[in-house]
1. Can you name the residue in the stretch 57-82 that is of a type in the set (Val, Ile, Thr) and open to solvent by less than 20 Å² (accessible area, probe 1.4 Å) and, of all such residues, is farthest from Thr146 (Cα to Cα)?
2. Being among the polar types (S, T, N, Q) and either surrounded by fewer than 17 Cβ atoms within 10 Å (Cβ to Cβ) or assigned to a helix (DSSP H, G or I) (or both) is the filter here, so list the residues in the stretch 5-23 that pass it.
3. Which of the residues spanning the stretch 89-110 are in contact (Cβ under 8 Å) with a residue 24 or more places away in the chain and closer than 13 Å to Ala43 by Cα?
4. Only helices (runs of 4 or more DSSP H) wholly contained in the stretch 24-111 count here; list those with 3 or more residues that are closer than 30 Å to Ala180 by Cα.
5. Which of (1) touching a residue at least 40 places away in the same chain (Cβ under 8 Å); (2) of a type outside the set (A, V, I, L, M, F, W, C); (3) under 15 Å from Thr17 (Cβ atoms); (4) open to solvent by less than 50 Å² (accessible area, probe 1.4 Å) is the odd one out, the single condition Gly186 does not satisfy?
6. When you scan the stretch 100-116, how many residues do you find that are surrounded by 13 or more Cβ atoms within 10 Å (Cβ to Cβ) and either in contact with a Lys or Arg (Cβ under 8 Å, 6 or more places away or on another chain) or of a type in the set (Lys, Arg) (or both)?
Amino acid sequence: MFVLGLTGSIGMGKTTTAAIFRKEGIPVHDSDAAVHRLYEGKAAPIIERAFPGVTRDGVVDRALLGARVRDDPAAMARLEQLIHPLVREDRAAFVREAARAGERLIVLDVPLLFETGADREVDATVVVSAPEAVQKQRVCQRPGMTAEWLAVIMSKQMPDAEKRRRAQFVIDTSKGTAAAENQVRGILRALGAAAGADRS
């Protein structure tokens, strides 16, 4: 089974690209979605013990947690130490299930793929990218986004140029969805796992 890592900095179009892979019939593990599930389940009591008062009815309140860690690097680091291993467990379970199902190709959507060393878990990497002006325009349209919070996020992310240098494939999302779809199909053809192929 071929494991493809998908990553990209904030605002580069990774979520849209992951959806294109799914549309092409490729199973995708979404690390952000895994965090949401964990916040509603097994991670909630762990995070509540570390950050009392950030859960409501047994579920992590993301706004409360964000307010607690946003301006506190030590708290943010502690949160990451708690949640990253749980996300890795979730991802590993996804990979095992895909292997049992006989999948020939899967995608692991990991925002901090290179930064956390998760690129060691994949056979090749795809980086989604766009010009800096496009990236900032997209990010600034997000509800609740501030220049300060964007700076915090960007400080944790490897520069786009370095990600592109390390990747086997780069998808330019600045040309629209149709162009991104064509690029995804090109990657699938290159990997010999285009939509409709027998992945048994």
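The values are calculated or read from the model by the stated rules, or taken from the named source; none is laboratory data. Since we're looking at a predicted model, the values are computed, not measured. Reconstructed Cβ throughout: ideal geometry from the backbone, glycine too, with neighbour counts over all protein chains shown. For the accessible areas, the whole protein counts, side chains as well, though only heavy atoms, and no ligand, DNA or RNA atoms are used. Shrake-Rupley method; radii C 1.70, N 1.55, O 1.52, S 1.80 Å.
1. Among them, the one singled out is Val60.
2. Hits for the stretch 5-23 are Thr15, Thr16, Thr17.
3. Asp90
4. So the answer is 31-39, 73-100.
5. The failed condition is (1).
6. Qualifying residue count, the stretch 100-116: 10.
Residue-by-condition table, conditions (1) modelled with pLDDT of 90 or more; (2) not small (Gly, Ala, Ser):
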site	(1), (2)
Ala99	yes, no
Ala118	yes, no
Glu121	yes, yes
Val127	yes, yes
Thr146	no, yes
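So that you can scan it fast, the table gives a plain yes or no per residue for (1) open to solvent by 40 Å² or more (accessible area, probe 1.4 Å); (2) among the polar types (S, T, N, Q):
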position	(1), (2)
Ala98	no, no
Ala118	no, no
Lys136	yes, no
Cys140	yes, no
Gln168	yes, yes
